[in-house]
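Contents: one structure, followed by commentary.
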Amino acid sequence: MGFQIVVLWSDILIWLLVAAGLGLGVLIAESPPLLAAWRRVGANRIGMASATVLLGFILIGLLDSLHYRAQLENKPGQKAVYAIEVLSVLDALATPLRSRNEKTYSEPFATRLYAKETIDVPGQGSVRDYPRLKHGGQHLGEREDDVAADAGMTAFKAGALAFIGWLGVFGAVATVNRKKSPKLKLREAAFAWDAVLLTLLLMLLTIVPLFWLSGYYHVFGTDKVGQDVLYQILKSVRTGLIIGLVTTLVMLPMAVLLGIVAGYFRGWVDDVIQYIYTVLNSIPGVLLIAAAVLMMQVVIDTNPQWFSTAAERADLRLLALCFILGITSWTGLCRLLRGETLKLRELEYIQAAQAFGVSSWRIIVRHILPNLMHIVIIALVMDFSGLVLAEAVLSYVGIGVDPTMTSFGTMINNARMELGREPVVWWSLAAAFAAMFILVLAANLFADAVRDAFDPRAA
């Protein structure tokens, strides 16, 4: 079975961000002040624990950013024909979750549907009962009452396997550290290895049993159309990461350039830039975003020939949302950088450079910008969680990502109608909220560690 590689615009941006991150790592290694600051981040146990969680989310997002179209079966000698559906490596790895759909709602670890239906029972005729699921708990056969014991034993076996794997990682890390510093214990190392390894253990003891059980049960239940909620959570991670990272990429150049220029040159340049971001701030953000998204949607609807697949259409709307959020969220960082630049330009070494005839742009690049990087880094890391929450709010009110694209916002939006059912369908909302809470909490804790490390008063 062949396949055709599909490259979406968001995929390009994501992998460019990965390359930029690697390049930034090289620059940090060559800059002693930045290296010292990041070493302080590495020594922060809470920061490294949250970074480990974030790396898990990033890995899921990267696997979901390698897209392809599967080749359809055809007769020998015919030209290859590919499916319309665009899949990712994550979809291939999670094929059981993606393909094992039920008829409608089912509770976590359930063996039957959540609502009664009229079914034909041999010897009894038509009766009202809860139909048996096609996939959830089928291996139990008639032993439906053994769900708790079976799930507990399966989780115990998977947890034991995860613990053995963690012991291998622990041994490797301890061996490397022992070679570097024979007398130094792991918890005394400059890098917070103890926090990383403990977090990794907790993640493995949670994730490995969870995915092992997902081969037998719908561990988070199913939604209205019978799709596994755990699969929806995995697909939502990439959307949240794109909203947080690509929006930052859009916002950063504008905020840094205009903020430094306004603070350094002052005068009419400062007045114009202040006028621009004051006007933007005076317009309610949700109304501005809604108007821009609706206009973009009209453009997309009137030009269907631009897209060969539904994934390309949804991807364009996602990128449009990122650009709109970026254009409307740069003002805070710009104002902050303007105020700091006003202070820096009055320092002696800046005035000495001006007296020696150094050009303004050279002063900005060589002296102003490096002294503002700690503010930029802190602002970017702290804005990430806010942007993830913004996507959820916008999708909830119907002006977020495309309805065909899975995100935390669309899951919460769909779940609000389920809460009005009797009995209540609660698991979709609970799963989306829990996953988004973990992502945002990890980002906030890591942002706190970065802020503390880059704070000049802590140096």
With x for Gly and Pro, the residue-by-residue ³J(HN,Hα) of segment 214-228, computed from phi through the Karplus equation 6.51 cos²θ - 1.76 cosθ + 1.60 at θ = phi - 60° and given in whole Hz, is 5, x, 10, 10, 8, 5, 10, x, 10, 9, 4, 9, x, 7, 5
Charge dipole of the chain about the Cα centre (unit charges at C-beta), most positive-ward option of GLY171, VAL89, ILE378:
GLY171
In whole percent, what relative contact order does segment 134-292 give with Cα contacts below 8 Å and a gap of six or more residues?
20 percent
Testing the spin-label approximation: label points 7 Å from Cα along Cα→Cβ at SER308 and ARG178. State their distance in nm.
5.6 nm
Compute, for segment 16-141, the length of the dipole vector about the Cα centre, with Cβ point charges of +1 (Lys, Arg) and -1 (Asp, Glu) only. Units Debye, rounded to 20.
100 debye
Please state the relative contact order of segment 1-152 as a whole percent: Cα pairs under 8 Å, 6+ residues apart?
18 percent
Farthest towards the positive end of the dipole of segment 312-430, among ILE327, HIS367, TYR396 and with Cβ unit charges of +1 on Lys and Arg and -1 on Asp and Glu, lies the Cα of HIS367
Do you know the relative contact order of the chain, to the nearest whole percent, from alpha carbon pairs under 8 angstrom that are 6+ apart?
20 percent
What ranking, highest mean first, results for peptides 82-92, 396-406, 288-298 when packing means the other Cβ atoms within 10 Å averaged over each residue?
396-406, 82-92, 288-298
Among the lysines in the chain, how many pairs, 8 or more places apart or on different chains, have alpha carbons under 28 Å apart?
11
Packing-ranked peptide list from 370-383, 159-172, highest mean Cβ count within 10 angstrom first, is 370-383, 159-172
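Add -39500 (n - 2.57) for each DSSP H run of 4 or more in the chain, then divide by its residues: what number comes out at 222 nm, to the nearest 500 deg cm²/dmol? Present the calculation step by step, with values, prior to reporting the outcome.
On the way: 17 runs with 296 residues, N = 459.
Here the helix-only value at 222 nm equals -21500 deg cm²/dmol.
Might you tell me the accessible area per residue for the chain, computed with a 1.4 Å probe and given in Å²?
It amounts to 53 Å² per residue over the chain.
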Which entry is the computed percent of Cα pairs over 29 Å apart for this structure: (1) 59; (2) 73; (3) 50?
(1)
Show the residues, 5+ positions off or on another chain, whose built amide H is closer than 5 Å to the amide H of ARG112.
LEU133
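Within the chain, what whole-number % of the accessible surface is contributed by carbon and sulfur, with the 1.4 Å probe and all protein chains included in the calculation? Walk me through the numbers before you get to the answer.
Values: 16320 of 24310 Å².
C and S fraction of accessible area: 67 percent.
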Mind listing the phi-derived Karplus ³J(HN,Hα) values for segment 232-246, rounded to whole Hz, using 6.51, -1.76 and 1.60 with θ = phi - 60°, and x for any glycine or proline?
5, 4, 4, 6, 6, 4, 4, 4, x, 5, 5, 4, x, 8, 5
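How would you order 55-65, 110-120 from highest to lowest mean count of nearby Cβ atoms within 10 Å? Present the calculation step by step, with values, prior to reporting the outcome.
Working: 55-65: 18.5, 110-120: 15.1.
Ranked from most to least packed, the peptides come out as 55-65, 110-120.
The values are calculated or read from the model by the stated rules, or taken from the named source; none is laboratory data. Predicted, not measured: the structure shown is a model, and the values here were computed from it. Here Cβ is always computed from backbone atoms with ideal geometry, including for glycine, and neighbour counts include all displayed protein chains. Surface areas here come from the heavy atoms of the whole protein model, side chains and all, with no ligands, DNA or RNA. Shrake-Rupley method; radii C 1.70, N 1.55, O 1.52, S 1.80 Å.
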